[in-house]
1. Only counting other Cβ atoms within 10 Å, I'd like 141, 179, 155 sorted with the fewest neighbours first.
2. What is the packing order of peptides 55-61, 86-92, taking the mean over residues of other C-beta atoms within 10 Å and listing the highest first?
3. Sort 35-48, 185-198 by the packing proxy (mean of other Cβ within 10 Å over each peptide's residues), most packed first.
4. Run the numbers for residue 183 and residue 64: contour at 0.36 nm per residue of separation, minus the present Cα-Cα distance, in nm.
5. Got a sec? How would 154, 17 order by Cβ neighbour count within 10 Å, fewest to most?
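Computed from the coordinates by the stated procedures, all read-outs in this text should not be read as laboratory data. Just so it is clear, the structure is predicted and the values come from calculations on it, not from any experiment. Please note: Cβ atoms are built from the backbone with ideal geometry, for glycine as well, and neighbour counts cover all protein chains shown.
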C-alpha cells in the first residue's frame, strides 16, 4: 500500500470474487487465442485486467478470494503470466522496433551476416536468422520467474538471466538482435513477475 494514501478500493464480496475468476478465465482464453492465431492485440484485455489488479493493490486493497475462486484465480494468473507474456512482448517489440528487422520462418529475425559481402553488385546481402525458438524459451522463462516469486527464490531469476545470455551469446553480435533480446527479456520477466506478485499479495 502507498504510504499516507487511504484505501480507495472497496472490499470484494464472495460473488465479486466469482466475477473476478470468470474474468480471468476469459482473458486466459483470449491469451491462448492470441498465441494460437498470432493476433497479439487479443491480449490487450489481459493487460487491462492485470494492470487494474496491480493498481488496486497499490491503492490498499486487502482481501483474499474464497471458495472456488480461491483455486481458479491463482491458476488463471499463472496461465496468463506464461501464455499472455508472448503476445505482450510482441506488442512491445512492435512498438519499440517498428519492424526494423523482418521476422524469419522459425520465429527469429533476419539480420545481415557481419563481414560478408555480396558476390556481385546485384546480389543481395547474405543474411541469417537469429533469436530462433523465442516462443518456447519465453514460456519456460516466465514459468521460472513465476516459480521464483512464489517460492521466494530470487537467485533462480539471476541464474535464468545468465543461462539465457550464454545461450544467445552468438546471436547478439547484431545490433537489432541485441535490442530485441534486451527488450523482450525485460518485458517477459516483468510481466511474469507482476502476475506472480498478484498471486502473492492478493
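1. In order of increasing Cβ crowding within 10 Å: 155, 179, 141.
2. So the order, starting with the most tightly packed, is 86-92, 55-61.
3. Working: 35-48: 16.3, 185-198: 20.6.
Ranking, from highest mean packing down: 185-198, 35-48.
4. So the chain would gain 39.5 nm between residue 183 and residue 64.
5. Ranking 154, 17 by Cβ neighbours within 10 Å, fewest first, gives 154, 17.
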